[in-house]
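Taking it in order: structure first as structure tokens, then the write-up.
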């Protein structure tokens, strides 16, 4: 029986992955790193057969021991930016695994890495024509400096797999702006677009960073889960093709693009059509500091260009996105945020 160690099962992406895994592979041994008592209770109420490992990402010894005992690690809990957690998982892989029983590590990062160019130029809210393809441009993507968002941890994961390819098979899954209702037992809500909708509904103002012209790629949470499932199934079948795992195994995940200013306008328009907002709507232009103050870290993405193409998953794994487009999902996002505001 395969043992699967998952971090972030109480979260948005991790919870959605857990739901599909248990539906398709119910007999596996699932061990979940969970911190809060409420989350533990919620998970066990839905999935009583899973094993709860009490701890958090700062518990390096726990991460090492669980990784040593697992066949597959799915790391989604703040995976992109917690260096010591990545180091502990890599240490566990070397502790107990062998070429006959390698560890497969599915690591969730994020396309925020591609915000590097805007951040370096200190130009926000302006449109860029730069699009990164994770096959054609992989050398450029993986040579960005350590000061790029997520880069230090990404490099640690890929380096660990490249140094020990016989015992550690690594793959980084790097979503763009994620949307859609999650299916996990705890958190079903994403962030960037949801925080924008929340602000517009609450304040009846349309927020844009700079001129609101920056473009981001986007992806439904079901599509992120689908890619994880493709890699999970490659792992349980021990498909060890070099291109699946290792130093270049960096998978962007996208299914469309949006202009952040257009999304803000669309939210206001659709909310007005639904009778949830009254006209007129005030447009407010923000710099990055005021965006952060207004709606938290998630709001800074409204000013970045993060355009990319998920060619690796499509060409190597036959992955295709699933779930509604962002434009089709937007009315549901607006209704969900409106209902949450009524409950506050």
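The values are calculated or read from the model by the stated rules, or taken from the named source; none is laboratory data. Because the structure is a prediction, the values reported are computed rather than measured. In this analysis, Cβ positions are derived from the backbone assuming ideal geometry, glycine residues included, and neighbour counts consider all displayed protein chains.
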Options 67, 45: the member that is assigned to a helix (DSSP H, G or I), surrounded by 17 or more Cβ atoms within 10 Å (Cβ to Cβ) and in contact (Cβ under 8 Å) with a residue 40 or more places away in the chain: 67
Exactly one of 81, 56 is part of a loop (DSSP other than H, G, I, E, B), touching a residue at least 40 places away in the same chain (Cβ under 8 Å) and farther than 24 Å from residue 234 by Cβ, and that one is 81
In the set 187, 174, the lone residue that is within 14 Å of the chain's Cα centre (by Cα), part of a strand (DSSP E or B), within 26 Å of residue 39 (Cα to Cα) and in contact (Cβ under 8 Å) with a residue 12 or more places away in the chain is 174
Cβ pairs under 6 Å, 6+ apart or interchain, first in region 1-17 and at positive phi and at pLDDT 95 or above, second surrounded by 24 or more Cβ atoms within 10 Å (Cβ to Cβ) and not in a helix (DSSP H, G or I), ordered by first then second residue, are 8/76
Would you mind finding the one in 340, 309 that is in contact (Cβ under 8 Å) with a residue 60 or more places away in the chain and touching a strand residue (DSSP E or B) at 6+ places or on another chain (Cβ under 7 Å)? 309
For region 240-263, indicate whether the set of residues that are assigned to a helix (DSSP H, G or I), more than 20 Å from the chain's Cα centre (by Cα), at pLDDT 95 or above and loosely packed, with under 15 Cβ neighbours inside 10 Å is non-empty. yes
Which of the residues that make up region 138-148 are in a loop (DSSP other than H, G, I, E, B) and surrounded by fewer than 17 Cβ atoms within 10 Å (Cβ to Cβ)? 143, 145, 146, 147
Selected residue [touching a strand residue (DSSP E or B) at 6+ places or on another chain (Cβ under 9 Å), closer than 30 Å to residue 41 by Cα and touching a residue at least 12 places away in the same chain (Cβ under 8 Å)] from 106, 113, 158: 106
